[in-house]
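Chemist: Before I ask anything, let me first share the structure, which is written out below as structure tokens.
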Amino acid sequence: METSASTVSGAVRLLPLGDAAWTVEFGDSIDAALHARVLGLAGVLEQARKADDTPDFSGIVDVVPTFRSLTVHYNPLVSNGERLGEVLVHLAQSSGSTSRQGRQWRIPVCFDEEFAPDLNDLAEAKGLSRDAVIALMTGATFQVYMIGFMPGFPYMGGLPAVLEMPRLSSPRKAVPARSLAIAGAMCAVYPWESPGGWRLLGRTPVPMFSAAETAAPSLLASGDRVCWQSVERATYLEMEAAAQSGSLNRHSLLLAQGEP
């Protein structure tokens, strides 16, 4: 196998990412079934690394799942890149879809107008009341497809189709940290203040990223599921203060731990 060329095997494509990473692609769309295959490969690879089935696994330094692919970064001084690529293709073909359940979260969100500058416009565009939009958001279960754009930024599917809207025509120069937002068919939360063109529907007091959580700084991970819980402003402010003081136990938001 030439590491400088793409390898196609069935629906699996192996693409070199520089000289120290492979990307395994399962398709070219955002699709729950494709994402299940990504998670299936990630799970099989994790178990294989623990079992040390292949010496080259010891050189893997990071595994990054996305909507439709899995990127495996490795140390080329430790792992044989060509051999690792061959193993990844074999695992991708045999791993199937994941049977593991990600963690389930119930995360509070305040939908007050101050925190939701685009909620009224969305409701008007869809012919819905403000409360109806909130009910749709809190009644849906969102799945985390990937973490990207910035540390802790979760791209989530599961937005009710009736709420789908394009990005703003003029992005904001500054989106407040922890803003709940939608764009197209996706939902996300901005971990930090940053420019952005997604439509803002609320704000959570829960940090999406914490350097103090050294084992897992990002609150959410690919495969997790999220339900939003509407809270009043007073509750929001109380939880925000707890988060800022370091006393907010983010694990208390878990509905189910999921499999390791």
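Chemist: Contact order normalised by length for the range 133-203, with contacts defined as Cα pairs under 8 Å and 6 or more residues apart; what percent is it?
Modeler: Values: 146 pairs, mean separation 20.1, N = 71.
Once normalised by length, the contact order is 28 percent.
Chemist: Using unit Cβ charges (K, R positive; D, E negative) and no other charged atoms, how large, in debye to the nearest 20, is the dipole of the chain about its Cα centre?
Modeler: Dipole of the chain, to the nearest 20 debye: 320 debye.
Chemist: Over the C-alpha atoms of the range 104-256, what are the Rg and the largest Cα-to-Cα span, Dmax, in Å?
Modeler: So, for the range 104-256, Rg and Dmax equal 14.4, 45 Å respectively.
Chemist: Now for a separate question. Longest segment of the chain with no GluC sites (Glu not before Pro) in a DSSP loop having at most 15 other Cβ atoms within 10 Å?
Modeler: Details: sites that count: 2, 164, 193, 213, 232.
Within the chain, the longest run free of exposed GluC sites (Glu not before Pro) spans 3-163.
Chemist: Now for a separate question. So which chymotrypsin sites (Phe, Trp or Tyr not before Pro) in the range 149-219 end up in coil per DSSP with only 15 or fewer other C-beta atoms within 10 Å?
Modeler: Details: sites: 149, 155, 192, 198, 209; in loops: 149, 192, 198.
Filter output for the range 149-219: 149, 192.
Chemist: So, one more: When you take every Cα atom in the range 114-189, what is the radius of gyration, and what is Dmax, the widest Cα pair distance, in Å?
Modeler: 12.4, 35
Chemist: Among 235, 85, 64, whose Cα lies farthest out toward the positive end of the dipole of the chain, if unit charges sit on the beta carbon of Lys, Arg (+1) and Asp, Glu (-1)?
Modeler: The listed residue farthest towards the positive side: 235.
Chemist: Using bins 10 angstrom wide from zero, how does P(r) for the range 7-95 break down, in % of all Cα pairs?
Modeler: Histogram of Cα-Cα distances, whole percents per bin: 18, 56, 24, 2.
Chemist: For the range 154-260, run through the trypsin sites (Lys or Arg not before Pro) and keep only the ones in DSSP coil with at most 15 other Cβ atoms within 10 Å of their Cβ.
Modeler: On the way: sites: 167, 172, 173, 178, 199, 203, 225, 233, 250; in loops: 167, 178.
Listed in order of number, the matching sites are 167.
Chemist: With runs of 4+ DSSP H residues as the only contributors, calculate the mean residue ellipticity of the chain at 222 nm using -39,500 (n - 2.57) per run, divided by the residue total and rounded to the nearest 500. Working shown, then result.
Modeler: On the way: 5 runs with 66 residues, N = 260.
So the calculated ellipticity at 222 nm is -8000 deg cm²/dmol.
Chemist: Springs between alpha-carbon pairs under 10 angstrom, Gaussian network model over the chain: which of 230, 79, 222 fluctuates most?
Modeler: Highest fluctuation of the listed residues: 79.
Chemist: Related question: Give a quick list of chymotrypsin sites (Phe, Trp or Tyr not before Pro) in the range 8-84 that DSSP marks as loop, anything other than H, G, I, E or B, with at most 11 other Cβ atoms within 10 Å.
Modeler: Working: sites: 22, 26, 57, 67, 74; in loops: 26, 67.
Qualifying residues, ordered by number: none.
Chemist: Ok, one more. Using a Debye calculation, one point per C-alpha and no hydration shell, please list log10 I(q)/I(0) for the chain at q = 0.10, 0.14, 0.15 Å⁻¹ in order.
Modeler: Values returned for q = 0.10, 0.14, 0.15 Å⁻¹ are -0.56, -0.98, -1.08.
Since every read-out is calculated from the coordinates, none of them should be taken as a lab result. Source: prediction; values computed, not measured. Note: ideal-geometry Cβ built from the backbone for every residue, glycine included; neighbour counts use all protein chains shown.
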